[in-house]
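Report on the structure given below.
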Amino acid sequence: MPDESPRAWRTVLEHVERRLLDGDLRPGDRLPGERLLASDLGVGRSSVREAVRVLEAMGLIRTATGSGPNAGAIIIATPGGAMSALMRLQVAAHGFPVADIVRTRLILETAVAGELAETVPSGARDAHGDTLSTPDLASADALLDAMDSPGLEPSEFLALDAAFHLALAEASGNQVIAATMAGLRSGIEAYALGGLERIDDWDATSARLRHEHRGIVEAIRASDAASARSRTHDHISGYYAEIMPAEAGPPSPDPGLEPGPDRHPSHRIEETSSW
């Protein structure tokens, strides 16, 4: 009987990603059909459809309706290379302390958000007087729109959430940071999913997370580096504060950021052990 557990779609996602990393599937190839994937992996076809939706939102595939040679899903990109693959293996085999993952995210992602905002000052022009383009945030925008889709399961939402943060890292153009974030993605999703049971009102939490995502992108587009950094910090630490166990103790302020009117002390991170 096919596996219809809530995480069955992740089996499909990880199978496709592994084949992409191994080179079995390349840009331009067709993804195996829904029925074949369901049969080979022992999952329901609904799980395959959920995985395909996430893969498309992540920008790895593009789907087309109808029949014929152009129907189905075509590979349009590959995930990060060897560095991210090795880190994913480390996370899978040994795991990292959750607090270490969160602290690493705070260091990397606040820097990325600030640098993206500083890439091109608002209204800057080149030597010919043409307005310079802002960082390419098209992938991030697509993922934000995908997270607005009604009926998303929390696991689907959190997968798209992790992909959004990876998209910002990729927009920075720094391949080391992008590969590091790609490698940490499974660890990020794992602690985010693991904390769901501590969330009393998922609808309210997901609405807040969507609002915070939009705020980060707005700050980047407005070339407001300070706001981009603080919004990113509060977004990451805020979710962690919501799901961390009470015995971990109250979080301490981050000395690297100036407090603002929208910053809540309860949403900052302290030195804590993994839960």
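The values are calculated or read from the model by the stated rules, or taken from the named source; none is laboratory data. Predicted model, so just to flag it, every value in this text is computed and none were measured. Here Cβ is always computed from backbone atoms with ideal geometry, including for glycine, and neighbour counts include all displayed protein chains. Heavy atoms of the whole protein, side chains included, go into the accessibility calculation; ligands, DNA and RNA do not. Shrake-Rupley method; radii C 1.70, N 1.55, O 1.52, S 1.80 Å.
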>> So, R0 is 22 Å and r is the distance between the beta-carbons of ALA138 and ARG18; what FRET efficiency does that work out to, to 0.05?
In response: 0.25
> Quick one: Karplus J couplings for region 215-232, per residue in order, coefficients 6.51, -1.76, 1.60, θ = phi - 60°, nearest Hz, x for Gly and Pro?
Replying inline: x, 4, 5, 4, 5, 4, 5, 7, 6, 9, 5, 4, 5, 4, 5, 5, 5, 5
>> Check which residues have an amide H placed less than 5 Å from GLY72's amide H, if you skip close sequence neighbours.
In response: ALA64
>> At R0 = 35 Å, how high is the FRET efficiency between ARG198 and ALA226 if r is their beta carbon distance? Nearest 0.05 is fine.
In response: 0.70
> Top to bottom by accessible area (1.4 Å), largest first, where do GLU197, GLU115 land?
Replying inline: GLU197, GLU115
> Using a simple spin-label model with points 7 Å from Cα along the Cα→Cβ vector, what separation in nm is obtained for GLU242 and SER149?
Replying inline: 2.1 nm
>> Under 5 Å between amide hydrogens, which residues at least 5 positions from ASP29 or on another chain qualify, with H placed 1.01 Å from N in the peptide plane?
In response: ILE75
